[in-house]
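Notes to accompany the following structure.
The values are calculated or read from the model by the stated rules, or taken from the named source; none is laboratory data. What you see is a predicted model, and the numbers here were worked out from it, not measured in a lab. As a convention, Cβ positions derive from the backbone with ideal geometry for all residues, glycine included, and neighbour counts pool all protein chains shown.
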Amino acid sequence: MVITVSGLERIIEKIQDDNKKTCEEIIEKAQAQGSLIIDEAKASAQKEEETMISEARALADRELRLAASRAEHQHKKGVLTAKTEIISEIISEALQALKNMPDEQYFQAVKSLVKKYAREGKGEICLSLKDQSRLPQGFEADLNRMLEGTGKSVVINKEPISSEGGFIIRYDKIEQNCSFDSLLEASLDRIKDSLYNELFVADGSEE
């Protein structure tokens with residue numbers, strides 16, 4: 001087969017055309033792929049940005065709620081501390097008022113306590129030096145008349161005790177502390193609860 005010059009030129013031209021077409025197709029595909037990669041990168045960046053913004057908002061919300069919770073806790077703690085101080089002050093003032101009652105009322109309170117805490121048998125009533133010095137005349141006899149028919153009796157011990165307010169009653173090795181401080185301590189929780197309900201719940205000031 002003889003290839004003329006013109007035939008060779010056509011073959012070369014066709015090869016060039018084919019190469020050009022192939023190159024154009026490769027370039028077109030590369031451009032399309034590049035656009036796809038760019039679009040995906042943009043989408044990914046936008047998604048990451050939205051995620052970061054969402055996480056930042058969530059973190060800010062959590063911090064805000066935490067700060068609000070802390071503030072509320074501190075407020076409640078402050079209110080509770082103030083209420084506790086008020087109750088403690090009331091109890092302290094009431095205890096002092098008991099100790100400083102006029103003699104007649106004071107020993108009437110002592111008689112009530114003896115009636116409540118006396119046991120069967122003979123007990124010794126031990127008072128402070130202050131109370132011994134202001135003891136009403138015939139007080140021991142009054143106590144025993146009150147206890148008559150119960151199998152209980154008492155005598156006033158002449159040895160003073162250091163307790164301020166109230167008394168101690170002894171039966172051999174058994175001792176009942178009826179000092180105001182001791183009786184208050186034994187009922188402190190109940191008294192505090194009662195005062196709390198009366199002062200802060202009944203009037204609707206509870207938070």
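Report the residue count in segment 44-68 for those that are at pLDDT below 75 and either of a type in the set (D, E, K, R) or within 28 Å of Lys192 (Cα to Cα) (or both).
Total meeting the criteria: 8.
Could you please let me know if Lys158 is touching a residue at least 12 places away in the same chain (Cβ under 8 Å), surrounded by fewer than 11 Cβ atoms within 10 Å (Cβ to Cβ) and of a type in the set (Lys, Arg)?
Details: touching a residue at least 12 places away in the same chain (Cβ under 8 Å): yes; surrounded by fewer than 11 Cβ atoms within 10 Å (Cβ to Cβ): yes; of a type in the set (Lys, Arg): yes.
In short, yes.
Here are some residues: Lys152, Lys173. Which one is more than 26 Å from Glu104 (Cα to Cα), out of contact with any Leu (no Cβ under 7 Å at 6 or more places or on another chain) and in the same structural domain as Gln108 (by TED's automatic domain parsing)?
Lys173
Select, from Ala118, Ala109, the only residue that is in contact with a Lys or Arg (Cβ under 8 Å, 6 or more places away or on another chain), within 30 Å of Asp193 (Cβ to Cβ) and at pLDDT 90 or above.
Ala118
Out of segment 177-195, which residues are among the polar types (S, T, N, Q) and either out of contact with any Phe, Trp or Tyr (no Cβ under 8 Å at 6 or more places or on another chain) or in a helix (DSSP H, G or I) (or both)?
Within segment 177-195, Asn177, Ser182, Ser187, Ser194 meet the criteria.
Can you confirm whether segment 167-182 contains a residue that is farther than 30 Å from Phe200 by Cα, of a type in the set (Phe, Trp, Tyr) and free of Cβ contacts under 8 Å to residues at least 60 places away in the same chain?
Looking for residues that are farther than 30 Å from Phe200 by Cα, of a type in the set (Phe, Trp, Tyr) and free of Cβ contacts under 8 Å to residues at least 60 places away in the same chain, one finds at least one in segment 167-182, hence yes.
Go through segment 157-170 and report how many residues are within 20 Å of Gln108 (Cβ to Cβ) and in a loop (DSSP other than H, G, I, E, B).
Number of matching residues: 3.
Since Glu93 meets every condition but one in (1) modelled with pLDDT under 95; (2) at negative phi; (3) surrounded by 12 or more Cβ atoms within 10 Å (Cβ to Cβ), which condition does it not meet?
All conditions pass for Glu93, except number (3).
Go through segment 112-156 residue by residue and tally those that are assigned to a loop (DSSP other than H, G, I, E, B), within 15 Å of Gly166 (Cα to Cα) and among the small types (Gly, Ala, Ser).
1
Starting from segment 91-116, take each residue that is within 22 Å of Val155 (Cβ to Cβ) and list its partners that are of a type in the set (Gly, Ala, Ser) and at pLDDT 85 or above, counting only C-beta distances under 8 angstrom and pairs at least six apart or across chains.
Final answer for the pair search is Val110/Gly166; Leu113/Gly166.
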